[in-house]
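Trainee: Okay, handing you the structure first.
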């Protein structure tokens, strides 16, 4: 008997939210540290390496769409996840708690939604499918009928089917984030005090 009776909520959804909370918590801690040490000016420049890391993470997307041919997709996916997460952390520290740039904050919110949708793909889809298959296999091994298995896994199946639609959000939000970030960068160059 396979002992996989845990809900998708505890095995898949909670780690998803914990990873988002970790991103936010680290950004708040870094911003607080910069404020406490009188080094707020450092945060002003963290947006540059943050955006560069996010741009570097696009290798996976380019490989997936056959725009480049080098690199193994599995390795590029790992780099995509790590670089995008680290870049997002730096951009969040860059944004800090300073609400004086609306365009920048729109870009930050688009980035956060993009990170959340990307984490949906990472944590929820692959793991949820495997967990659901394992639960069904365990119930089959116990001799449960197909109808009873479907009834027992109904809510998990609905959850899995809902999160499979994540790309319909991830791609347009990525484009929105790209446009807003580009507009923010252009505005910075136009209005920067170049003295």
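Any read-out appearing in this document is the output of simple, stated calculations on the displayed coordinates, not a laboratory observation. Note that the structure is predicted; figures quoted are calculated from it, not measured. Virtual Cβ from ideal backbone geometry, glycine too; neighbours counted across all protein chains shown.
Trainee: When the helix-only estimate is applied to the chain (DSSP H runs of n ≥ 4, each -39,500 (n - 2.57), divided by the residue count), what is the mean residue ellipticity at 222 nm, nearest 500 deg cm²/dmol?
Mentor: Calculated at 222 nm, the ellipticity per residue is -24000 deg cm²/dmol.
Trainee: Now for a separate question. Send over the Kirkwood Rh of the stretch 94-195, from the inverse of the averaged 1/r over different Cα pairs, rounded to one decimal Å.
Mentor: Kirkwood hydrodynamic radius for the stretch 94-195: 16.7 Å.
Trainee: Two decimals is fine: what's Rg over Rh for the stretch 150-195, C-alpha atoms, Kirkwood radius as Rh?
Mentor: 1.47
Trainee: Relative contact order of the chain: what whole-number percent is it, with Cα pairs under 8 angstrom and at least 6 residues apart?
Mentor: 28 percent
Trainee: Taking other Cβ within 10 Å of each residue's Cβ, how do 57, 145 sort, fewest first?
Mentor: The order, fewest Cβ neighbours first, is 145, 57.
Trainee: Calculate how steeply helix 73-95 sits against the longest principal axis of the alpha-carbon atoms of the chain, using the helix alpha-carbon long axis, and give the answer as 0 to 90 degrees to the nearest 10.
Mentor: It is inclined by approximately 50 degrees.
Trainee: Sticking with this one: Over all distinct alpha-carbon pairs, what is the Kirkwood Rh of the stretch 15-126 in angstrom?
Mentor: About 14.8 Å for the stretch 15-126.
Trainee: Could you compute Rg(Cα) / (2.2 N^0.38 Å) for the stretch 79-141, with N its residue count?
Mentor: 1.65
Trainee: Further question on the same structure: In degrees, nearest 10, range 0 to 90: what is the angle between the Cα axis of helix 167-191 and the longest Cα principal axis of the chain?
Mentor: 10 degrees
Trainee: Using packing as a proxy for protection, rank 110-121, 45-56 so that the peptide with the highest average count of other Cβ atoms within 10 Å comes first.
Mentor: 110-121, 45-56
Trainee: Tell me the Kirkwood radius of the chain: reciprocal of the mean inverse pair distance over distinct alpha-carbon atoms, in Å.
Mentor: Final number for the Kirkwood radius of the chain is 19.0 Å.
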